Amino acid sequence: MVTSGPEAAKRFVKDHGPAIYKPLSTPLYRVDGASCTVEVGEVTADQLDEQVAGTAHLFQRRVDKVADVRVTVIGDRIFPVRIDSGLLDWRTDYGKLSYRVVKPPDGLEAALRRYLAYFGLVFGAFDFALDRHGAWWFLECNPSGQWAWLEPPTGLPMVSAMADLLERHPR
């Protein structure tokens, strides 16, 4: 749910909890000279007040996950990478991450291509949570998501796929 309504946010969290709060973008700021960002965090209805009215907020049902999967689609290439961390928000500690290339579930590649076509995109960084039963839970598509850090630990040819895409689609 995306809302700036405190009561709507409380109702969502009560009805779909446990829930998490996610920033709509990743604002960077500094604390004592160190770069920081707003982290994904679990939220309860009693933590929500009139401050929600200040801007739009994103709330999601929390998935009981064992890992995350970042599926980067670059043109006609797809790069699914499992990210193991044990963290609610893997972006908070890159030193705890391990990666491995995985095979997406049947039908997922076609669904991602339909998603991109619908929005007129040729690139997307799709995030999924992987539960203990092996189900992939769609979280979001980042149309400008980061991806290059995944190439060195996986050996996936992502940079050359991006170069090919830029060469073929100069718009």
* Asked: Given Cα pairs under 8 Å that are at least 6 residues apart, what percent is the relative contact order of the chain?
  -> 20 percent
* In cubic angstrom, how much convex hull volume per residue do the alpha carbon atoms of region 22-113 span? -> 168 Å³
* Asked: Solvent-accessible area per residue for the chain at a 1.4 Å probe radius, Å²?
  -> 59 Å²
* **222 nm mean residue ellipticity, helices alone, for the chain (DSSP H n ≥ 4; -39,500 (n - 2.57); rounded to 500)** => -6500 deg cm²/dmol
* Cα to Cα, under 29 Å, and not fewer than 8 places away if on the same chain: which lysines meet these conditions relative to K103? -> K22, K65
* Asked: What angle do you read, to the nearest 10 degrees and between 0 and 90, between the alpha-carbon axis of helix 158-168 and the longest principal axis of the chain?
  -> 70 degrees
* How big is region 75-123 in terms of Cα radius of gyration and Dmax, in angstroms? -> 13.7, 36
* **Calculated on alpha-carbon atoms, Rg and Dmax of the chain in Å** => 17.4, 52
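The values are calculated or read from the model by the stated rules, or taken from the named source; none is laboratory data. Note that the structure is a prediction, hence the values are computed from the model and not measured. With ligands, DNA and RNA removed, areas are computed over all heavy atoms of the protein, side chains included. Shrake-Rupley method; radii C 1.70, N 1.55, O 1.52, S 1.80 Å.
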